[in-house]
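The values are calculated or read from the model by the stated rules, or taken from the named source; none is laboratory data. None of the values given here were measured: they were computed from a predicted structure. As a convention, Cβ positions derive from the backbone with ideal geometry for all residues, glycine included, and neighbour counts pool all protein chains shown.
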Amino acid sequence: MSAASAPLHLGTLQLTYQVLALLLTAFSVGGALLAKGRYGLWFWVGSFATLALFQISGAAVLPAWDKNAGYLIGHLGGMLSSLCVLLGIRAYLGLTLRWKQGLAFVLGAGAVCAALMAAGLSPRMSLALSLLVSAVLRWQAFTHLLAAFRRHGGTPMGFATAIILLSVVSHLVRTGALLSPLGAGYENGFQSNAFGMLGLIVVLVMHGFVILLLVTHALQREVLSLAEHDSLTGLLNRRGMDARFERLRRRAAMQGGQSMSLALIDVDHFKAVNDRLGHGAGDDVLKGLGALLDTLIRPTDLAVRLGGEEFVLLWNGIQPGVEGAMAEKIRQAVARHPFETREGPVAVTVSIGVTGMPAHDGDLESVLKRADRALYRAKQDGRDRVAVDPG
Ligand SMILES: Nc1nc2c(ncn2[C@@H]2O[C@H](COP(=O)(O)OP(=O)(O)OP(=O)(O)O)[C@@H](O)[C@H]2O)c(=O)[nH]1
């Protein structure tokens, strides 16, 4: 990492690298400010800044005092930068940071590097060790990203994962090269310094790409989530239900054809609530109903706001024939629940049309039609009741 810190003067190449590193730092600070510090971007900024600052001080300042300290500070900078990459990815994925353990690991490795050089071993060995430590930290970052990619997919996440893996490989290759006869000229040779600086620039550009890819991935997920959720209640909307239904149906079919049931829920005389208390209070009722329905289902079931005052519950993996009783429990829970609104508590009732379907031949359109037929009956029969369509 700190091949750049070897010469005691700032050559043209070195200056170019450091200007580039500072420009990239400024660029990512701007990006982080724009993104309001989300996605753990500050750690990425840290990774740039650490590399740049440590390289500059390692190359330009400390060697005048102690050449080995110059090397050491550069090697430490490389490891801290890799730690920033790991923390950035952990923050981005919402994992606990564990920065104290990371810092202790890096500082411990730094102490070993210092001891190696104090014992008369070449800075080459210290660099090799620090690159190995960086590879370990980056490998952890890679495993986190890979797990996230397996869960969520997405091309940008795939590329980001591949780039981090590439950076692990490049660190290992550099370690190998340093330990082989190829690394012999590390301390003095202009060529190996040039090679080292080129490596650093590649790492910085890689970091830049990973940031862009992760931000793209996060934005893509945000847009998809907005498109599939209802803004008032936060429940899935029709599009979100369509997207998940097929997956649920296939899973239920694979698990031995367990059946699914769909309940279509409609608030009774909702127009009267709006007319009496205003649209705002009506919205509060819908929000409260959405929240209540969400608490009444299992995490594997779906709660959906289909539109207006119409909701859907989709139960999967239930025994055939129990859907009527389940819908009745929902009806009673709604009737008992006072909904908090800006105009005070409001009580509403719901009518529910419910129907079951064998998982293997469920077709959402026809199931919805059957539930709608049952709902129509529940309304006709006087509301605040459940009607079952036998399918
Ligand atoms: N506050 C609010 N009202 C909505 C929203 N979407 C639809 N509505 C209202 O919901 C009411 C639905 O009225 P209707 O379809 O006549 O049904 P209802 O009054 O509930 O009567 P029944 O369903 O026959 O019991 C209409 O007044 C719509 O304006 C919404 O997002 N917020």
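Here are the numbers:
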read-out: Single match in L219, L212, L224 (criterion: under 24 Å from A303 (Cα atoms), of a type outside the set (S, T, N, Q) and in the same structural domain as L145 (by TED's automatic domain parsing)); value: L224
read-out: Hey, A109 surrounded by fewer than 24 Cβ atoms within 10 Å (Cβ to Cβ) and modelled with pLDDT of 95 or more or not; value: yes
read-out: Single residue of R377, R370 found to be of a type outside the set (A, V, I, L, M, F, W, C), within 20 Å of F270 (Cα to Cα) and in contact (Cβ under 8 Å) with a residue 12 or more places away in the chain; value: R377
read-out: Considering residues of region 331-352 that are in a helix (DSSP H, G or I) and touching a residue at least 40 places away in the same chain (Cβ under 8 Å) only, the residue farthest from the ligand (Cβ to nearest atom); value: A333
read-out: Qualifying residue in region 355-366 (condition: within 11 Å of the ligand (Cβ to nearest atom), within 21 Å of R383 (Cα to Cα) and hydroxyl-bearing (S, T, Y)); value: no
read-out: First in region 268-279 and farther than 13 Å from R342 by Cα, second anywhere and within 6 Å of the ligand (Cβ to nearest atom) and of a type in the set (K, R), Cβ under 7 Å, 6 or more apart; value: D268/R383
read-out: Scan of region 254-267 for residues that are farther than 21 Å from Q319 by Cα and either surrounded by fewer than 19 Cβ atoms within 10 Å (Cβ to Cβ) or in contact with a Cys (Cβ under 9 Å, 6 or more places away or on another chain) (or both), ordered by number; value: none
read-out: Which numbered condition A111 misses (of (1) over 23 Å from V203 (Cβ atoms); (2) not in a helix (DSSP H, G or I)); value: (2)
read-out: Test result for L232, in a strand (DSSP E or B) and either within 16 Å of the ligand (Cβ to nearest atom) or assigned by TED's automatic domain parsing to the domain that holds P320 (or both); value: no
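Conditions tested, residue by residue: (1) β-branched (V, I, T); (2) modelled with pLDDT under 95; (3) closer than 20 Å to G282 by Cβ.
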site	(1), (2), (3)
V334	yes, no, yes
P338	no, no, yes
V354	yes, no, no
D361	no, yes, no
